[in-house]
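Just below is one structure, and these are the notes that go with it.
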Amino acid sequence: MEYIVVKGGKKLHGEVTTSGAKNAALPILFASLLAEGVHRFNNVPVLRDIASTERLLQHLNCTTQRDGGSLIIQTNPPDDYTAPYDLVSQMRASILCLGPLLSKYGQARVSLPGGCAIGSRPINLHIDPLRQMGAEIHIEKGYVIANCKRKLTAAHILFENTTVGGTENIMMAATLAEGTTVLENAAQEPEIVDLAIYLKSMGAKIDGEGSKVITITGVDKLTPSEHTIVPDRIEAGTLLIAGAITGGDVKVEKCVPAHIQSLIEKMRESGFTIDSGDDWVSVSGGNMGHGVDIHTIPHPGFPTDLQAQFMALMTQCEGASVITEGIFENRFMHVQELIRLGAEISLNARVAVVRGEKGKLEGAQVMATDLRASASLVLAGLVANGETQINRVYHLDRGYEKLEEKLASLGATIKRCA
């Protein structure tokens, strides 16, 4: 099994480019099921989750082809409307084929999803709105079985809790439904906006994306189109933190600074010098910051997907910081691994108190427990004394394209081993 070895102590310097966003690409690739024909997606990262999506689309009778940084999908009518367990269990986002299949073909059979074990993400936020739209849905032997005798019909849907995946699934389903569907308490993430941009390029009628109320008026047919995936804001934030935690000077290019504004504000509050332009953001100066508090909440608040990385940064900032996880109840699995490296962190339910001290971490073997936890351990390894070995890096490969190569290009001593 592959692992990553990091030798700490190198300040990072230079420029690095952000890849396309995994969390934007996944729903957009599944949106191709809504229109038969050839779709072209640019700036698609090479990741385990993208490969899993390709395999599922191929199972649904699509063909996929890589062309450099682009992915071409030929969508054909499925022979089988099933998303099987062996494919879906590898990636929770596979549930996003439910809405498109049901809306386009009137039926779907989707295995209950897998993915990172970071907390409860109930699929009722996907299923209940589809029932409101006229679908008959039940769960049998680990599968969501959905049917609609005629076209889905519009509904006024109020999400009990803000849900990114639920918003995406219902937004896709509503594009071919009869009438006008209104989504209230909708997610506002940039990935929602990117999905809406692609759906509208296919002929969908959508208003309000990026706000808490989204309106979708159904159309009779969508047609394939071409789209460039938005830059990955979580990768951009991770690379920015990498520069900060090492006391280096790093410029992250081809990103959207507005998408990580909450991180930028907290880093500035901590004392780091952050500059930005239209498509870049940088951290400069060798002075380590001081502890600050964060509370993860839905966008535009501080993202849960940057909480673990920010915690690694706070281990090097003088004073205490309080980190409250407001999204997932089990997203502190990286805490014990950071403690193995010498971090002083106390944990109580969803609140972690970090007492930072520059240079305190010592290299050791640690284990990645989920995607973002793995990134936090790599960041900690950049400043730990000696060598840090991060095991189970297949988690990292689900969401970061060649992270170790990007860090090495900035001067980090890091390598992947088998």
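FYI, it's all coordinate maths here, none of it is from the lab. None of the values given here were measured: they were computed from a predicted structure. Here the Cβ is made from the backbone with ideal geometry for all residues, glycine too, and neighbour counts use every protein chain on show.
For the listed peptides 54-65, 175-186, a ranking on the average number of other beta carbons within 10 Å per residue, highest first, reads 175-186, 54-65. Distance between the pseudo-spin-label points of His138 and Asn348 (7 Å out from Cα toward the beta carbon): 4.7 nm.
Maximal additional length on extending the Val219-Arg55 stretch stands at 56.2 nm, based on 0.36 nm per residue less the C-alpha distance.
Placing pseudo-labels 7 Å out from each Cα toward the beta carbon at Asp278 and Gln65 gives an inter-label distance of 3.4 nm.
Considering only beta bridges that DSSP places wholly inside the chain, some 70 percent are antiparallel. Of all beta bridges that DSSP places with both ends in segment 213-347, some 60 percent have antiparallel geometry.
Indicate the gyration tensor shape class of segment 22-228 (rounded, prolate or oblate), computed on the Cα atoms with a ≥ b ≥ c the square roots of the eigenvalues: a/c under 1.5 is rounded; otherwise a/b larger than b/c is prolate and the rest oblate. Rounded shape, in that the Cα axes give a/c under 1.5.
For Thr324 and Arg131 in one chain, what is 0.36 nm times their gap in residues minus the Cα-Cα distance, to one decimal in nm? My answer for the length gained is 66.0 nm. For His295, project a label point 7 Å along Cα to C-beta. Then give me every residue of segment 323-338 with its amide nitrogen under 11 Å of that point. 324-326, by backbone N distance to the label point. The fewest-to-most ranking of Val6, Val322, Val230 by surrounding Cβ atoms within 10 Å reads Val322, Val230, Val6. Note on Cys148, Cys417, Cys255: ascending count of other Cβ atoms within 10 Å places them as Cys417, Cys148, Cys255, the fewest first.
Counted over segment 22-228, the DSSP beta bridges are approximately 75% antiparallel.
Listing Ile297, Ile414 from fewest to most neighbouring C-beta atoms within 10 Å gives Ile297, Ile414.
Could you pull out the pairs from Lys10/Lys251; Lys11/Lys266; Lys149/Lys200 whose alpha carbons sit more than 23 Å apart here?
Lys149/Lys200, as the Cα separations exceed 23 Å there.
For the pair Tyr394 and Lys358, label points projected 7 Å from Cα toward Cβ lie 4.0 nm apart.
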